[in-house]
1. Using each residue's phi in the range 337-353, evaluate 6.51 cos²θ - 1.76 cosθ + 1.60 at θ = phi - 60° and report the 3J(HN,Hα) Karplus result to the nearest Hz, with x for Gly and Pro.
2. Compute the long axis of helix 211-232 from its Cα atoms, compare it with the longest principal axis of the Cα atoms of the chain, and write down the angle in degrees, 0 to 90, nearest 10.
3. Order of 18-26, 311-319 by packing, highest average Cβ count within 10 Å first?
4. Which whole-Hz ³J(HN,Hα) couplings does the range 389-397 yield from phi under the Karplus relation 6.51 cos²θ - 1.76 cosθ + 1.60, θ = phi - 60°, glycine and proline marked x?
5. Which ³J(HN,Hα) values, rounded to whole Hz and listed in residue order, are derived for the range 102-107 from phi using the Karplus coefficients 6.51, -1.76 and 1.60 in 6.51 cos²θ - 1.76 cosθ + 1.60 with θ = phi - 60°, glycine and proline given as x?
6. Nearest 10 degrees, 0 to 90: what angle lies between the long axis of helix 46-74 and the longest principal axis of the chain (Cα atoms)?
7. If you wrap the range 167-310's Cα atoms in a convex hull and average its projection over all directions, what's the area in nm²?
8. Skip the ligands, DNA and RNA, and give the accessible area per residue of the range 161-243 with a 1.4 Å probe, whole Å².
Amino acid sequence: MTSAADIARARNTVIAAFLGWTLDAFDFFILVFTFDEVAKTFGVSITSITLAITLTLASRAIGAFVFGRMADRYGRKPTLMLVILLYSLFEFVSGLAWSYVSFLVIRTLFGIAMGGEWGVGSSLVMETIPSRWRGWVSGLLQAGYPTGYFLATLLFGLCYESLGWRGMFFVGAAPALLVFFINAKIHESPAFEVMRQRPKSSLLQIVKSNAKLTIYAIAMMTAFNFFSHGTQDIYPKLFLAKQLGLPHATLTNIVLVYNVAAILGGLFFGMLSQKIGRRRAIILACGLALLAVYPWSHSRDVYMLCAAAFVMQFGVQGAWGVVPAHLNELSPAEIRGTFPGFVYQLGNFLAAINPVLQAEIAQRHGQDYGYALLLVAATVAVVLVLLMAFGPEARGVAMAEGRAESAPLREAVPAK
């Protein structure tokens with residue numbers, strides 16, 4: 001029986017992790033809306049400024065490893081506070097960049113700090129909440145990402161003309177205030193408190209004993225990151241604005257609509273995964289995205305574009321809504337502070353070429369960004385379906401125990 005105090009503790013932890021990921025994504029997507037103006041300021045091409053996104057995504061793997069190891073050694077709570085302070089600081093400093101090179105360096109440092117948030121926050125949540133909450137909380141936690149995108153869109157739509165690109169980055173320092181809430185209301189993970197009393201195995205030893213799982217998880221998260229960034233990073237500014245020539249207000253409305261869909265999709269498929277399993281829920285979400293991919297990338301009618309974008313992101317972020325629970329359940333318990341975040345961000349590193357790749361594909365096909373979006377989105381959706389069909393599952397596993405290492409990779413671990 002869960003006590004009222006335990007429920008309050010779990011609720012506050014969910015709120016903190018959700019806001020941490022929301023504000024993290026908010027800071028990231030400010031660049032997506034401003035890179036054309038940043039490019040003009042520093043006298044470089046739009047393709048050149050997309051390198052800032054690539055460096056941000058690539059450097060997140062460094063942060064996931066460094067801060068993950070800190071979380072496994074010193075605890076989830078203090079590490080999460082440090083990460084939020086750092087990414088807020090580097091977001092603010094981004095607005096002070098004096099040259100193209102300095103901007104790239106600052107965004108790389110931002111990426112390192114950003115890389116620590118998801119893994120540490122998700123492990124803290126999944127180790128604190130009751131197991132029956134995992135599905136819907138997974139969806140809620142991942143819905144923080146499109147919520148951050150939604151807030152960045154509102155800031156862009158309402159305040160860009162008055163703030164300029166530098167002012168938008170200054171506003172992005174606001175997440176630092178979340179640290180006060182975490183310090184006052186959040187407790188350390190119960191599973192971490194248990195595991196810190198046990199004899200420690202080396203990281204290398206644990207990874208070697210879970211080699212197949214590690215390779216599988218990296219491949220899965222590479223595909224997932226291509227799925228999200230391949231449908232979001234160049235879609236608003238390069239496809240909707242540059243290729244289709246949609247006005248500022250129309251672009252803003254479409255992005256708001258598909259981010260509402262992303263939030264709803266994450267919640268829906270997260271809850272569904274608690275009933276039908278993590279892999280089946282992800283397969284259904286990917287199938288939905290495949291149905292929408294052509295009108296989403298090739299329609300020229302605004303209403304059709306809006307409807308297709310709604311369905312597309314309902315599917316994309318619906319699949320992502322299962323990831324926090326699925327990846328934390330698969331993780332070896334001893335390194336849960338490191339493993340989910342690191343394989344996620346290593347996947348991000350491998351997928352970091354996406355914005356440059358899509359821009360290059362478009363240039364080779366007559367500036368057709370719709371073709372580049374279709375090619376990447378459809379390919380990774382199919383890859384994810386195959387990975388889920390032949391992958392493992394550990395729904396309901398006890399967090400202090402972790403995934404059964406003896407289970408073959410292609411067999412689902414039965415729920416406990």
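1. These are the phi-based 3J(HN,Hα) values: x, 9, 4, x, x, 6, 5, 4, 6, 5, x, 4, 4, 5, 9, 5, 6 Hz.
2. 30
3. Numbers: 18-26: 24.3, 311-319: 28.7.
Averaged packing, sorted descending, gives the order 311-319, 18-26.
4. Couplings: 4, 10, x, x, 8, 9, 4, x, 4 Hz.
5. So the Karplus estimates, Gly and Pro as x, are 5, 5, 4, 5, 5, 5 Hz.
6. 10
7. On the way: hull surface 53.7 nm².
Mean orientational projected area (the range 167-310, Cα hull): 13.4 nm².
8. Values: 3760 Å² over 83 residues.
Using a 1.4 Å probe on heavy atoms only, each residue of the range 161-243 averages 45 Å².
The values are calculated or read from the model by the stated rules, or taken from the named source; none is laboratory data. Owing to the predicted nature of the structure, the values given are computational and were not obtained by experimental measurement. Virtual Cβ from ideal backbone geometry, glycine too; neighbours counted across all protein chains shown. Note: areas computed on protein heavy atoms with side chains; ligands, DNA, RNA excluded. Shrake-Rupley method; radii C 1.70, N 1.55, O 1.52, S 1.80 Å.
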